[in-house]
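Report on the structure given below.
Every read-out reported here was derived from the displayed coordinates using simple, explicitly stated rules and does not represent laboratory data. All values derive from a computational prediction rather than experimental measurement. Glycine also receives a Cβ, built like all others from the backbone with ideal geometry; neighbour counts cover every protein chain displayed.
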Amino acid sequence: MHLTLARISDERLSDPEYTPRLLRELHVDGLLVNYRYGIPSRMVELIETHHMPAVWIGAPRDHDCVFPCDREAARQLTQGMLDLGHRRVAYIDRRDKDFHAKRPARVAREAGYIQAMRHAGATHYIIEDKHSDDISQLRASLAEGRPTAVVCLDQRLAERAWFAAQQLAWEVPADLSIATFHYGTPQMGLVRFRGAVTPHGQVGAHAVEMLMQKIAAPKHDIPPLMVQHRMVDGETACPPRSMNEERRQ
């Protein structure tokens, strides 16, 4: 098989004159669509109307899509902290001009965290990091909320939480346990974060397999496929300090 990579503007993808010619002009039999949020509805309509063999990567839809099960992974990460004895578990999210608020992974991860906290009867606490070079805002939010554990949207936020904890003279994980999502190696220097590794390779492989099915039967809708994350224990989580002190006594 041969893979062709193409970046196409929203205007062309929504053009009823261009979209039906897309496969022919690219000289391909089907499409792997890496378009996750803010998807033009007209583009979806044209692909489906003309029965173009297409599989969506990373975008949860009713059919013909493969994506990581972010909600379940976030629930597991949060439940892991609760199982260690933490009750004040915060979720660190990212808010900046370049980060879309409706990004599926962001929405799913926050929902998974809230689900686990509510099921445990614990109060959820969401910290919004402005993601600037200055971590004073994140440090202040941690100091105010005093969580003993945090679940982070991504590894960059986990690293920022680590440095903020250091500035507060907190020990990781004794004073602040940290879990996060990883896109690659779940490590910062010699530190291996507890977390969930996003299965990009598996998502891609399953998407190709699904696309072969779509090419064979373009009018047949294939149920969505969710791929589980790989969970990593890491070195950044332990029972809260109060529990450790009670055990020593």
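Couple of notes before you dig in:
- Mean projection area, nm², convex hull over Cα of the stretch 137-235: 8.1 nm²
- Estimated FRET transfer efficiency (E171, R7; beta-carbon r; R0 35 Å; 0.05): 0.15
- Sequence of V55, V197 once ranked by neighbouring C-beta atoms within 10 Å, starting from the fewest: V197, V55
- Rounded tilt (10° steps) of 200-216 against the dominant C-alpha axis of the chain: 20 degrees
- Computed on the Cα atoms alone, the convex hull of the stretch 68-146 gives a volume of 94 cubic angstrom per residue.
- For q = 0.15, 0.23 Å⁻¹, Debye-computed log10 I/I(0) when each Cα of the stretch 1-86 counts as one equal scatterer: -0.62, -1.18
- Between the helical axis of 70-83 and the longest alpha-carbon principal axis of the chain there is an angle of about 10 degrees.
- Stretch gain in nm, segment N34-H220, where the contour uses 0.36 nm per residue and the Cα spacing is subtracted: 64.9 nm
- The angle between the Cα long axis of helix 136-145 and the main principal axis of the chain comes to about 60°, on a 0 to 90 degree scale.
- Ranked from largest, the principal axis spans of the Cα set of the stretch 1-49 equal 30, 23, 18 Å.
- Spacing of the two label points (7 Å from each Cα toward its C-beta) at E25 and E209, in nm: 3.4 nm
- Binned Cα-Cα distances of the stretch 1-160, short to long, each 10 Å bin given as a whole percent: 9, 31, 25, 18, 13, 3
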